[in-house]
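> Attaching a single structure in structure tokens format; questions to follow.
The values are calculated or read from the model by the stated rules, or taken from the named source; none is laboratory data. Here the structure is a predicted model, which is why all the values come from computation and not from measurement. Areas reflect the complete protein model, heavy atoms only, side chains present, ligands, DNA and RNA absent. Shrake-Rupley method; radii C 1.70, N 1.55, O 1.52, S 1.80 Å.
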Amino acid sequence: MNDRIKLIIAKMILRNVFWGQVFSFIRRISDDAMPYIMGVAIEKDGNISLYYNPKLIATTNDDVIEKVLEHEGMHLINKHLSRLINMLNLLDENKKKNYEQIWNYASDCASNEQAKLPDVLFIDNKPMKLCHPKCFNLPEKQTSEFYFQELLKQKNNKQDKNDGNSEDGEGDNYNVMIGDHSLWTKNISDCEDLSEIAKKAERNIKYAIKKSIQNFNRNRGTLPGNLSELLNEFLDDVKLPYYEIISRYVKQAKHLAKYKRCETKLNRKRSFMFLMTDDGIPDISPFPGKKRDYTFNISILIDTSMSMSNLDILEALSSVKHILEKDKYCKITIIECDTQVNKIYEVKKISEIDFQITGRGGTTLQPGLKKCRELNSDITLCFTDGYIEDVSTISKKHLPKKLLWILNTKNNTYVKHYGNHIFIE
């Protein structure tokens, strides 16, 4: 019967149905003991498998099987499996079963709504009532998180009314099309690091989705609007908290801490003089010593050329606000540069940030970089789009001693030769 499900997926690919592409990349495993038609599962190696009951497949129409595949695909792009694992990993044994059951209903409510599935499907020539939000008197077109919270409230309210003796949730009378989703955790129940398996599963799902989209677009397919939005959200790269990254670089530079003269600190090199004098008065004063200098000079070099949008420049200025809020010892100097240094000023509080941008011409950042070197900045943060002159042609004596490029595009051709760089959106 594996041949039949292969044939159905092949027909979906020929008709340019997106879910056919997806499940062509996912391993299929036959299981006669399954009480329901099919379900996705995470394996111990982090791979995703599609389990199916060949007997039920044989007695179910092709169009119904396609709808079931779409339902399972919605679980994948909504990360219902990995999110359940991460949630259960944080719960005690008393809450796991209850929360898992509620999450099963919530994820089915969201998936069936997104896939626009009917109220009833005929599986094995028998009507199967699907799990929809209206089964629980909940609104349509909401997220699985919303349904989970609402169903949890319903469960708690029902238990309160029954003095905690209620065993079944309000939705327990409704059949779930795929079953109880036990496969989501069954194969990995004895694994130690569940969070790592969940991460691997998400990476494998993302790979299958990306490959499917490539093949789908190659055949000039058109995704439905709601599915396209979900896929964009799923494939969107995790946006790193680049303010924290900047802070990390600043802290690394601070480890090369400076010292300054301190009259009240003991000079360790002269401390032995206390022990060498008979009257207790040293011939050479063991003072002054040194103390750590926490003051820190940061230069913010902003590319104000025409290729930088106002939003990009505002992002650079907002980083100043973050540094001021996080570190009171910092001395911040802002330098605006296109082909020349147009503005330079020091900022000690947020109200001193000047949002009137100057420049908007071509791009030559050498004058700004040279100015940062003259200021003897401990670190220079340069916000640019990377379309600048080749930094490798600039003498290192004119470059800041510690430079971090912050790029809004992945063009690092001219900046990769000196300093570190990060990409932000």
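> Distance check, please: which entries in LYS96/LYS200; LYS6/LYS210; LYS126/LYS211; LYS349/LYS401 exceed 31 angstrom between their Cα atoms?
LYS126/LYS211
> Where both residues lie in the stretch 315-418, what percent of DSSP beta bridges are antiparallel, nearest 5?
So the antiparallel bridges in the stretch 315-418 amount to around 55 percent.
> Please report the carbon-and-sulfur percent of the accessible area for the stretch 281-425; probe 1.4 Å, protein heavy atoms only, DNA, RNA and ligands left out.
49 percent
> Considering only DSSP beta bridges where both residues belong to the stretch 1-132, give the percentage that are antiparallel (nearest 5).
The answer is about 70 percent antiparallel.
> If you don't mind, another one. Which ³J(HN,Hα) values, rounded to whole Hz and listed in residue order, are derived for the stretch 371-383 from phi using the Karplus coefficients 6.51, -1.76 and 1.60 in 6.51 cos²θ - 1.76 cosθ + 1.60 with θ = phi - 60°, glycine and proline given as x?
Those phi angles translate into 5, 4, 5, 5, 6, 6, 5, 5, 8, 10, 9, 10, 8 Hz.
> Then there's this: Using only the Cα atoms of the stretch 7-49, build the gyration tensor, take square roots of its eigenvalues as a ≥ b ≥ c, and label the shape rounded, prolate or oblate: rounded if a/c is under 1.5, else prolate if a/b is larger than b/c, else oblate.
It is oblate, given that a/c is not under 1.5 and a/b is not larger than b/c.
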